[in-house]
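Peer 1: Mind having a look at this structure? Questions to follow.
The values are calculated or read from the model by the stated rules, or taken from the named source; none is laboratory data. These numbers come from a predicted model, not from an experiment. So basically every Cβ, Gly included, is an ideal-geometry build from the backbone, and we count neighbours across all protein chains shown. Please note that ligands, DNA and RNA were not included when accessible areas were found on the heavy atoms of the full protein model with its side chains. Shrake-Rupley method; radii C 1.70, N 1.55, O 1.52, S 1.80 Å.
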Amino acid sequence: SGRVDGMVYSVAVNPPFDVAKNTMAREDFHRGIDVNLLGCYYCNLYGAYAMQRNEGDTTGSIVNISSIASIKNEIGLNVGMMPYALGKCGLNHITELTAVQFAGAGIRANT
C-alpha cells in the first residue's frame, strides 16, 4: 500500500431547523454533531494512524477547516447554528490534541 502524506477535513452541515420556533429535531441535531465533530475526530485519528506508518522525519500533515463561528457568536442562542458552531469549536480542540499526540511521529495538525 502507498503513503498517506496529507489529509484535509473540510466538511460541515447545517441541519434543518424551524426558524420561527428556534427548534431543531433531535435527530437533525445529532446528525450535525456526528458530521461536524465526530467526523473530524475519526478522520484525524485514522489519518494520523495511516501517516504513522510512513518512513522519514516528517510523516504527514493534517489540516482541519474551521470557522469564525467557533470563536465568535453574533446571532445569539440560535439552535440552527448550534451543531455547526459546536462542531467547529470541537474541531479546533481536536486539532490541538492531534498535534500534541502525534508530534513525536512527525505529524503536523493545523486549523
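Peer 1: Between a first residue in region 80-107 that is closer than 26 Å to residue 59 by Cα and open to solvent by less than 60 Å² (accessible area, probe 1.4 Å) and a second residue that is outside any helix (DSSP H, G or I) and among the charged types (D, E, K, R), which pairs have beta carbons less than 9 Å apart while being 6 or more apart in sequence or on different chains?
Peer 2: 99/108; 102/108; 106/57
Peer 1: Here is a further query. Of the conditions (1) aromatic (Phe, Trp, Tyr); (2) at pLDDT below 95; (3) under 20 Å from the mean Cα position of the chain (by Cα), residue 46 satisfies every one except a single condition; which number is it?
Peer 2: (2)
Peer 1: Within region 4-16, count every residue that is more than 19 Å from residue 90 (Cα to Cα) and open to solvent by 70 Å² or more (accessible area, probe 1.4 Å).
Peer 2: Count: 2.
Peer 1: Output the residues belonging to region 21-35 that are at pLDDT 95 or above and exposed (fewer than 12 other Cβ atoms within 10 Å of the Cβ).
Peer 2: 26, 27
Peer 1: Which ones in region 66-79 are under 20 Å from residue 111 (Cα atoms) and surrounded by 14 or more Cβ atoms within 10 Å (Cβ to Cβ)?
Peer 2: 66, 67, 69, 70, listed by residue number.
Peer 1: Just one of 22, 44 is touching a residue at least 40 places away in the same chain (Cβ under 8 Å) and at positive phi; which is it?
Peer 2: None of the others qualify; the one that does is 22.
Peer 1: Quick one: count up the residues across region 6-35 that are more than 20 Å from residue 62 (Cα to Cα) and under 12 Å from the mean Cα position of the chain (by Cα). Spell out how you get there, then give the answer.
Peer 2: Our first condition is that a residue be more than 20 Å from residue 62 (Cα to Cα); within region 6-35, this holds for 13-33.
Filter once more, so that each one left must be under 12 Å from the mean Cα position of the chain (by Cα): 13, 32-33.
Result for region 6-35: 3.
Peer 1: Of all residues being charged (D, E, K, R) and more than 20 Å from residue 2 (Cβ to Cβ) in region 49-76, which is farthest from the chain's Cα centre (by Cα)? Just the residue, please.
Peer 2: 74
Peer 1: Please indicate, with yes or no, whether at least one residue in region 67-82 is at pLDDT below 95, closer than 24 Å to residue 28 by Cβ, in a helix (DSSP H, G or I) and of a type in the set (Gly, Ala, Ser).
Peer 2: Yes: region 67-82 contains one or more residues that are at pLDDT below 95, closer than 24 Å to residue 28 by Cβ, in a helix (DSSP H, G or I) and of a type in the set (Gly, Ala, Ser).
Peer 1: Collect the residues in region 1-20 that are outside any loop (DSSP other than H, G, I, E, B) and modelled with pLDDT of 95 or more, keeping them in residue-number order. It would help to see each step written out before you state the result.
Peer 2: So in region 1-20, the residues outside any loop (DSSP other than H, G, I, E, B) come out as 6-9, 18.
Answer for region 1-20, where residues must be outside any loop (DSSP other than H, G, I, E, B) and modelled with pLDDT of 95 or more: 6, 7, 8, 9.
Peer 1: Among the residues of region 96-105, is there at least one that is under 23 Å from residue 27 (Cα atoms) and touching a Leu at 6+ places or on another chain (Cβ under 9 Å)? Give the derivation first.
Peer 2: Just the residues of region 96-105 that are under 23 Å from residue 27 (Cα atoms), to begin with: none.
No.
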